[in-house]
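Remarks on the structure that follows.
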Amino acid sequence: MLFFILHLALFLLFSLLYSFHFRALAEGPKGNLLVEIQTAGKHWKSKPHLVLLLAFLLFLLLPLNIGFYFYLKSDANVLVVILWIIWAYNWSKYSLFRE
């Protein structure tokens, strides 16, 4: 339970930190979050882009964390991993690579 709350708190912290503080400092196009994530993938060494990538990584790991919290003691954790792989693949494909 503690890891789930910590993961959710970090995701909210990085998301709000980027949207209220670092979004104005980030270089590149503004307005479309998917384009900003793609730009952050190319220029990950600057602090605003790094905060955005950390928030995106926590967003990708959120279903895995939720699934393991609820289904860790059953055999459904295999389904959680399979669904998470599909989730992470589709989000990363359409946001980082824009295919």
Next on the checklist: Looking for something open to solvent by 70 Å² or more (accessible area, probe 1.4 Å) and charged (D, E, K, R) - is there at least one such residue anywhere in the stretch 30-40?
Outcome noted: yes
Checklist entry - Just a yes or no: is a residue in the stretch 56-69 at pLDDT 85 or above and polar (S, T, N, Q)? => result yes
Next on the checklist: Restricting to the stretch 15-49, give me the number of residues that are farther than 18 Å from TRP91 by Cα, modelled with pLDDT of 80 or more and in a helix (DSSP H, G or I).
Outcome noted: 8
Checklist entry - On the given criteria, is TRP44 surrounded by 18 or more Cβ atoms within 10 Å (Cβ to Cβ) and among the aromatic types (Phe, Trp, Tyr)? => result no
Checklist entry - Does TRP91 satisfy the condition of being at pLDDT 85 or above and open to solvent by 90 Å² or more (accessible area, probe 1.4 Å)? => result yes
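The values are calculated or read from the model by the stated rules, or taken from the named source; none is laboratory data. None of the values given here were measured: they were computed from a predicted structure. Because the Cβ atoms are built from the backbone with ideal geometry, glycine has one as well, and the counts that use them run over all protein chains shown. Just the protein is used for accessible areas: all its heavy atoms, side chains included, with ligands, DNA and RNA removed. Shrake-Rupley method; radii C 1.70, N 1.55, O 1.52, S 1.80 Å.
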